[in-house]
Amino acid sequence: MSPAEEEKSLPLPERWPRASKFALSACAAAVAELVTFPLDLTKTRLQVQGEAAVGRGGAARGRPAPQRGMLRTAAGIVHEEGLLQLWQGATPAIYRHIVYSGVRMVAYEHLRDSVLGRAEDESFPFWKAVVGGMSAGAIGQFFASPADLVKVQMQMEGKRKLEGKPLRFRGVHHAFMKILSEGGIRGLWAGWVPNVQRAALVNMGDLTTYDSVKHFLLLNTPLVDNSVTHSVASACSGLVAAVLGTPADVVKTRIMNQPRDCQGRGLLYKSSMDCLIQTVQGEGFMSLYKGFVPTWMRMAPWSLVFWLTYEQIRRICGVSSF
């Protein structure tokens, strides 16, 4: 049998390992996103609630909107906008995760196994896991930033309607085209700096924690590579990711949601650092953790659903465990 024939006889995961891992992680991410998306919408609404820069900029008129907690925000969306609005922006969110999760998972495994070098016993030094996780998250989020921008802006459409403001978009395609026509290619990457910063921190919590906890348990406890181990590792990764990523997520959401001039420049914030300073000065340090509870409540089940689904899909398709 010739080498070409031997290659064709191999299963797809062995013929195209990176493409296969990209597709598997994208499938797992899409499932996790659909299950937990209402919490993401609630978190986004909380993060722009009481935004001090809006009041100073004169964008608010009349009485300020009442402050709501997580449950009242979610219940208000259902009551005022309808149950299905809890999934408003889900389509670009899935697009974003197909790109983001696919790229970050492939990048992390490549960095871990080929660039940074994992030991023969499959142990991986924590500092290398941190470098790999942050790098993979930053790379994945940079490519997925346009879809994330559309998701954030579409999540705010229901609130704009209640405030009597005109809707900005008719759908996902219209949102992409409108942002592109108003701000050009650069407009699609508005807010990419805090977005990448957030992704690096979240992945330091998610990928790094999951990989480190999972292999620590396998090497130092009687646990084996099964759903129990995956569940424990994913629970830890979700909590750490929420703690590290929420402040950058608040900044990212506000920069992406701010009004812009005809050149695509933000009217409220000059940069992510300016947004950070204005937020802390105007609302206090803890305002950086607005939306933390739904963020954590989303990241914990998101990590659980994603990692369990991803590990099982890899096993079914004959790909080695992560």
Would you tally the net charge around SER145, using a Cβ to Cβ cut-off of less than 15 Å, leaving SER145 out, and scoring K and R as +1, D and E as -1? +4
Straight-line reach only, C-alpha to C-alpha below 21 angstrom: list the lysines that LYS178 could link to, leaving out same-chain residues fewer than 8 apart. LYS151, LYS159, LYS161, LYS165, LYS252
Show me, bin by bin at 5 Å from 0, the whole-percent P(r) of the range 149-245 based on Cα pairs. 2, 12, 14, 13, 11, 11, 11, 9, 8, 5, 3, 1
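Cβ neighbours within 10 Å, averaged per peptide: list 182-188, 84-90 in order, most packed at the top.
For the peptides 182-188, 84-90, the packing ranking is 84-90, 182-188.
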Compactness of the range 150-189, expressed as Rg and Dmax over alpha-carbon positions, Å: 10.5, 31
For the chain, the Rg and Dmax computed from alpha carbons only, in angstrom: 20.8, 78
Please work out how much length the chain gains when fully extended from ARG168 to TRP127, using 0.36 nm per residue of separation minus the C-alpha to C-alpha distance, in nm with one decimal. 10.3 nm
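In whole angstrom, how long is each semi-axis of the equivalent ellipsoid of the range 194-267, when you take the square root of 5 times every eigenvalue of its Cα gyration tensor and sort them from largest down?
Details: eigenvalues 280, 15, 13 Å².
Taking √(5λ) for each Cα gyration eigenvalue gives 37, 9, 8 Å.
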Summed residue charge, Cβ within 12 Å of TYR289's Cβ, Lys/Arg positive, Asp/Glu negative: 0
Please calculate how many Å² of accessible area the range 142-291 carries per residue, with a 1.4 Å probe and no DNA, RNA or ligand atoms counted. 45
The range 81-215: equivalent-ellipsoid semi-axes (sqrt of 5 x gyration tensor eigenvalues, Cα, Å): 36, 15, 11
Length-normalised contact order of the chain in % [C-alpha pairs under 8 Å, at least 6 apart]: 25
As an exercise, use a Förster radius of 51 Å and the Cβ-Cβ distance of SER320 and CYS262 to find the FRET efficiency, rounded to the nearest 0.05. 0.45
Determine the order of GLU81, GLU122, GLU109 by accessible area, beginning with the largest, at a probe radius of 1.4 Å. GLU122, GLU81, GLU109
Suppose each label sits 7 Å from its Cα in the direction of the beta carbon; what would the GLN312-VAL224 distance come out to in nanometres? 1.8
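The values are calculated or read from the model by the stated rules, or taken from the named source; none is laboratory data. Computed from a predicted model, the values in this text were never measured in an experiment. No Cβ is skipped: glycine too gets one built from the backbone with ideal geometry, and neighbour counts run over all protein chains shown. Quick note on the areas: whole protein, heavy atoms, side chains included, nothing else; ligands and nucleic acids left out. Shrake-Rupley method; radii C 1.70, N 1.55, O 1.52, S 1.80 Å.
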